[in-house]
Amino acid sequence: MEDCEVAIIGAGICGLAMGLALHKKGIKSVIMERSESLRNVTGAAIGIRPNGWRALDQLGVAENLRHTAVRLRRERVISLDGGKQKDISLTPWDGETRCLRRKDLIDTLYAALPLGTVKFGRQLESITSGSHSTKHVLRFIDGSSIMAKVVIGCDGGKSIIANFLSLKPTKTFPLCAVRGLTNYPNGHSYNHEFARFTKDNVIVGRIPIDDNLVYWFCLQRRDENVWEDPEVIRQSTLELLSNYPQEIREMIEETEMKSLSVTHMRYRAPWDLLMGTFCKGTVTVAGDAMHIMGPFLGQGGSAGLEDVVVLARTMSQLGLNNGESRSKVMTHGVEEAFNRFVKQRRMRVVRLSLQTYIIGMLWGTSSILKKILYIMLLILLFPYQHSHTDYDCGYL
Ligand SMILES: Cc1cc2nc3c(=O)[nH]c(=O)nc-3n(C[C@H](O)[C@H](O)[C@H](O)COP(=O)(O)OP(=O)(O)OC[C@H]3O[C@@H](n4cnc5c(N)ncnc54)[C@H](O)[C@@H]3O)c2cc1C
């Protein structure tokens with residue numbers, strides 16, 4: 001059976017960033033990913049707010065990524081029902097907001113890792129820990145297994161590691177999101193702004209990535225199973241938006257088919273985050289595996305990047321990179337590092353999750369009474385609705 005010091009499960013944004021952060025701190029890890037290759041297409045693009053850029057700066061990949069996407073200058077919310085419009089300018093004092101192609105982010109993180117860090121085609125089936133052993137046995141679907149001293153679950157919203165930690169199952173909002181990229185070979189005419197159009201309980205977002213490429217999403221109420229065929233996704237979205245302005249419908253008609261996807265939105269309940277046990281011995285979780293949340297603030301990915309910086313820093317502060325060789329992690333102390341990590345992250349992710357939960361409930365309900373209640377809660381609990389972007393995860 002193979003042996004390793006630190007195993008990270010999942011090579012999404014969080015798992016790749018985790019491998020990179022640990023590498024920068026002299027801690028060697030392997031990343032086990034179920035897909036046969038990098039999952040760099042799903043989800044099309046991702047908005048990164050100032051807090052996410054701070055984490056990317058710490059990981060040393062921000063500068064390259066800045067060249068891949070324009071800086072957004074404004075947010076605009078346009079109600080097509082009543083014609084109301086709200087503008088929020090994003091000044092240099094507000095920090096940096098850009099929308100990255102997921103491919104650029106994933107590829108950049110992957111390229112910064114030592115060669116061979118990610119093992120593809122390794123789908124974790126189970127994890128067991130002997131009562132006297134300091135190691136965990138990871139079994140994979142292909143029949144192989146490895147022993148790891150430390151396990152970090154970055155395996156997303158249906159995490160096997162979260163189950164091992166006995167975390168409550170994640171839940172679903174009665175909402176889903178269609179996402180896509182549209183390329184304008186001769187350039188588009190949109191301002192560098194995040195525009196959000198609302199009509200009949202449907203929200204369409206449009207964000208330029210550069211002067212040719214535009215990311216869009218469409219949030220809608222939907223409980224039943226979602227479709228997978230890109231042509232069906234496109235046609236259903238066009239039907240839903242039949243009374244939307246022509247330029248929006250054209251954007252969707254011209255979308256790159258391979259970029260189209262539809263996601264039913266999941267979340268870990270804020271009260272489960274408040275009470276959950278996020279580490280057990282030398283096993284912990286990060287990213288969506290820990291705190292999957294609705295995308296209404298565009299913070300899930302950035303919160304995962306923050307986790308990574310905090311976890312790698314905490315491990316390094318406890319001297320876990322100072323074994324006989326720089327690749328050896330001392331087991332004693334890992335538990336303490338994980339406890340500190342969870343302590344530092346808990347209230348941050350509870351607040352993000354609570355804010356997104358209330359927004360999700362607000363959009364998902366048709367009851368006027370409930371809507372009023374959720375709006376009041378948001379005003380009361382989150383008077384500065386963008387203050388979550390001020391968060392600084394600190395130095396790596
Ligand atoms: C519609 C929508 C819009 C969003 N917009 C934004 C945004 O603008 N900004 C933002 O910051 N966030 C956004 N998010 C959230 C963001 O996409 C996620 O928080 C982020 O991608 C989570 O990354 P992760 O690496 O933790 O998990 P994932 O991306 O889910 O990656 C998990 C990885 O683990 C692998 N894996 C799973 N199970 C196993 C297993 N058993 N064995 C081995 N490998 C496994 C998977 O294949 C995958 O590669 C959005 C989410 C949605 C749904």
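The values are calculated or read from the model by the stated rules, or taken from the named source; none is laboratory data. Everything numeric in this text was worked out from a predicted model, so none of it was measured. Glycine gets a Cβ as well: all are built from the backbone with ideal geometry, and neighbour counts include every protein chain shown. The area values use the complete protein model at the heavy-atom level, side chains included, leaving out ligands, DNA and RNA. Shrake-Rupley method; radii C 1.70, N 1.55, O 1.52, S 1.80 Å.
Annotations
- Positive contributions from Lys and Arg (+1) and negative ones from Asp and Glu (-1), summed over other residues with Cβ under 11 Å from the Cβ of Ser353, come out at +3.
- FRET efficiency estimate (nearest 0.05) - Cβ-Cβ, Val41 to Val232, R0 25 angstrom: 0.90
- Size of electric dipole in the range 14-86: Cβ of Lys, Arg +1 and of Asp, Glu -1, about Cα centre, debye, nearest 20: 340 debye
- The charge dipole of the chain, taken about its Cα centre with unit charges on the Cβ of Lys, Arg, Asp and Glu (plus for the first two, minus for the last two), comes to roughly 1060 debye.
- Heavy-atom surface of the range 84-156, accessible at 1.4 Å and reported per residue (Å²): 50 Å²
- Once the Cα-Cα distance is subtracted from the 0.36 nm per residue extended length, the Met147 to Tyr384 segment shows a gain of 80.7 nm.
- Zone residues, the range 296-322, relative to Glu336, backbone N less than 18 Å from point 7 Å out along Cα-to-Cβ: 311-322
- At 0.890 mPa s and 25 °C, Stokes diffusion of the range 263-396 via Kirkwood alpha-carbon radius, µm² per second: 151 µm²/s
- Within the accessible area of the chain (1.4 Å probe), percent carbon and sulfur: 52 percent
- FRET efficiency estimate (nearest 0.05) - Cβ-Cβ, Ser242 to Ser189, R0 25 angstrom: 0.60
- Ellipsoid fit via the Cα gyration tensor, the range 346-396: semi-axes of 26, 11, 8 Å, each the root of five times an eigenvalue, largest first.
- Separation between Cα centres of the range 183-212 and the range 12-51, rounded to whole Å: 27 Å
- Legend: calculated FRET efficiency, Lys258 to Phe120, from the Cβ-Cβ distance at R0 = 22 Å, rounded to 0.05, equals 0.65.
- Note on the range 80-136: along the principal axes its Cα atoms extend 64, 30, 26 Å, ordered by decreasing extent.
- Charge context of Ser145, other residues only, Cβ under 12 angstrom, K/R +1, D/E -1: -1
- Cβ-based net charge around Glu336, under 14 Å, with every Lys or Arg adding one and every Asp or Glu removing one: +3
- With kT/(6 pi eta Rh) evaluated at 10 °C and eta = 1.306 mPa s, and Rh the Kirkwood radius from Cα pairs, the chain diffuses with a coefficient of 73 µm²/s according to Stokes-Einstein.
- Accessible surface comparison of Glu254, Glu75, probe 1.4 Å, protein chains only, largest first: the order is Glu254, Glu75.
- Equivalent-ellipsoid semi-axes of the range 61-197, from the Cα gyration tensor, Å, largest first: 42, 21, 15
- For the range 201-280, with +1 on Lys and Arg beta carbons and -1 on Asp and Glu, the positive-most of His264, Ile207, Phe278 along the dipole: Phe278
- Heavy-atom accessible area, probed at 1.4 angstrom with all protein chains present, ranks Arg221, Arg49 as Arg221, Arg49, highest first.
- Lone cysteines, the chain (no partner Cβ under 4.7 Å): Cys4, Cys99, Cys176, Cys218, Cys279, Cys393
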